[in-house]
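Here's the structure, in structure tokens; my notes come after.
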Amino acid sequence: MKNLITVALLCMSSVVVANPSAPAQADLWTNARPDVQVSVVRGKAMDTYELSASISDLRTGQVLSEPKLIATPGKPAQVQVGATGADGMISVEFTVTVADSGDTATYSSQVKDNGVAISSQSFTLAVTR
């Protein structure tokens, strides 16, 4: 049975789960080759940061997900999106943590095929003012 993983945003020790996709969109994740673009900018409220991501399929250019969330320094924000249930069902999990200084954020991710990690990466990015 194929399962669509909904966007799960973990931030400030709370969980927000959204399902902006119809079940038919699980098929978009079949054998997808995710390209994840992430940006972090200072938020409007003090000590908040706006995280935006765009996840698209490198093969087709199709946008698969565009999660957005608010984070605070030192608190990991996590996104999980994609599909599971059969070989070739791809999902992406990533975590972004804004440094206490607010100048940088660390990013780490895994791409999974039916829940099994097939790729990972980590880097530090500058926070845009």
Determine whether segment 107-127 contains at least one residue that is assigned to a strand (DSSP E or B), within 16 Å of Ala32 (Cα to Cα) and modelled with pLDDT under 95.
no
Residues that are at pLDDT 95 or above, outside any helix (DSSP H, G or I), over 20 Å from Arg129 (Cβ atoms) and in contact with a Ser or Thr (Cβ under 6 Å, 6 or more places away or on another chain): does segment 40-57 have at least one?
yes
Odd one out for Gly82 among (1) at negative phi; (2) buried (at least 22 other Cβ atoms within 10 Å of the Cβ)
(1)
Would you check if there is a residue in segment 96-103 being within 10 Å of the chain's Cα centre (by Cα), closer than 23 Å to Thr128 by Cα and of a type in the set (A, V, I, L, M)?
yes
Yes/no for Ile90 being touching a helix residue (DSSP H, G or I) at 6+ places or on another chain (Cβ under 7 Å), surrounded by 15 or more Cβ atoms within 10 Å (Cβ to Cβ) and either outside any loop (DSSP other than H, G, I, E, B) or modelled with pLDDT of 95 or more (or both):
yes
Tally up the residues in segment 111-124 that are under 15 Å from the mean Cα position of the chain (by Cα) and more than 17 Å from Asp87 (Cβ to Cβ), please.
4
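The values are calculated or read from the model by the stated rules, or taken from the named source; none is laboratory data. Given the structure is predicted, the values throughout are model-derived calculations rather than measurements. Positions of Cβ are backbone-derived with ideal geometry, glycine not excepted, and every protein chain shown enters the neighbour counts.
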